[in-house]
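> Have a look at this one before I ask anything.
Values quoted throughout were computed directly from the atomic coordinates according to the rules given, and no laboratory measurement underlies them. Every value quoted in this text rests on a predicted model; they were computed, and no experiment measured them. We place every Cβ from the backbone using ideal geometry, glycine too, and count neighbours over all the protein chains shown.
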Amino acid sequence: MSPSVLHFSHPGQKRTFTLTLDVTTAPAGRAATGALTWTSGRTTVRSPIVVIPQIVRAPAEIKGSGSSGSTGFSVTPATSTLTAIAYGPVTSPATEGNLTSTQQISYDAEIPAGARASQITVRFDAADDTITGVLWGNKVDGVLQDVHVAVPDSDGTVTITVPHPTADALFVSLVAMGTDDETVTPYTYQANHVTADSPATGEVTVRPDRARVTPGVPTDLTAAWSGVPVDTRSGAWIEYGNGAGSF
């Protein structure tokens, strides 16, 4: 804290101070609690503090195309040492189907033990007058724990990424609402789960994988891949420490 001592000359006076918090072992994305204790003579006052540590500000998704290639991206670290470890890539089979307005097609994507990240992608080939979306949630012991809504991007694709999933499975339900009950919407569904020992369908690297950096200053990284199938979507996980990462 700076300054470490505040001086007041009369009641009601205000002073400004700066509190700097460094990320060490606290898990990223989870609330951490503490307190700042003020002491003046015999009086002690505690100011509760709740923060959600972020080891790095990074893109949730990094996109590329082709069997091999590379792409650059920028991250903003919160610590003076930046590490980046690449896992994967993995390529799970894609499922194609057709959806009508009277249907609600659902999938249970079982999550393997030790998953670093899971990603569900659903691409709708919908008509302009058809509304599509996905209802999804976490399942534990076969019981749905929560429900979320995801809508397609401009390409008609819904992407759901869950870092370090704790559930047994992801419940995914596809919805399409057309102008009539006979409207047919083709779709492609795929679930990619990345673990530390996933059978890789190619190779992925990130450089630099370790660097001395300045907290708060953007740092450029490069992800490169090779030997990846071109006829379907593949996924990899880049982890920066404390669980933060990009798919």
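> I need two numbers for the chain: Rg to one decimal and Dmax as a whole number, Cα atoms only, in Å.
Computed over the Cα atoms of the chain, radius of gyration and Dmax are 23.3, 78 Å.
> Under a Cβ-only charge scheme (Lys and Arg +1, Asp and Glu -1), can you give me the dipole magnitude of the chain about the Cα centre, in debye to the nearest 20?
For the chain, the charge dipole is close to 1980 debye.
> Something else about it: Evaluate Rg over Rh across the range 147-191, taking Cα atoms for both radii and Kirkwood's formula for Rh.
Values: Rg = 13.1 Å, Rh = 13.0 Å.
Dividing the radius of gyration by the Kirkwood radius yields 1.01.
> Another question, if that's okay. Considering amide H positions built from the backbone, and no H for Pro or chain starts, which residues 5 or more places from Ala117, or on another chain, come under 5 Å of its amide H?
His164, Val194
> Moving on. Enumerate the calculated ³J(HN,Hα) couplings along the range 122-136 in order (Karplus 6.51 cos²θ - 1.76 cosθ + 1.60, θ = phi - 60°), each rounded to whole Hz, writing x wherever the residue is Gly or Pro.
My calculation for the range 122-136 gives 10, 10, 9, 9, 9, 5, 4, 9, 10, 9, 10, x, 9, 9, 8 Hz in order.
> Tell me the relative contact order for the chain as a rounded percent, counting alpha carbon contacts under 8 Å between residues six or more apart.
Across the chain, relative contact order equals 30 percent.
> Taking only the alpha-carbon positions of the range 51-97 and ignoring solvent, what does the Debye formula give for the base-10 log of I(q)/I(0) at q = 0.26, 0.27, 0.28 Å⁻¹?
-1.20, -1.24, -1.27
> Can you tell me which of Asp180, Asp128, Asp155 moves the most in a GNM of the chain? Springs connect C-alpha atoms under 10 Å apart.
Asp128
> Order these peptides, 108-120, 70-82, 210-222, by their mean beta-carbon neighbour count within 10 angstrom, highest first. Kindly include the intermediate steps, with their values, before the conclusion.
Working: 108-120: 18.4, 70-82: 16.2, 210-222: 12.8.
Per-residue Cβ counts within 10 Å, averaged per peptide and sorted highest first, yield 108-120, 70-82, 210-222.
> Related question: Rounded to the nearest 20 debye, what is the charge dipole size of the range 166-247 about its Cα centre when +1 sits on each Lys and Arg Cβ and -1 on each Asp and Glu Cβ? Intermediate results must be reported in sequence, preceding the final value.
Working: 4 positive and 10 negative charges, 120 e Å.
It works out to roughly 580 debye.
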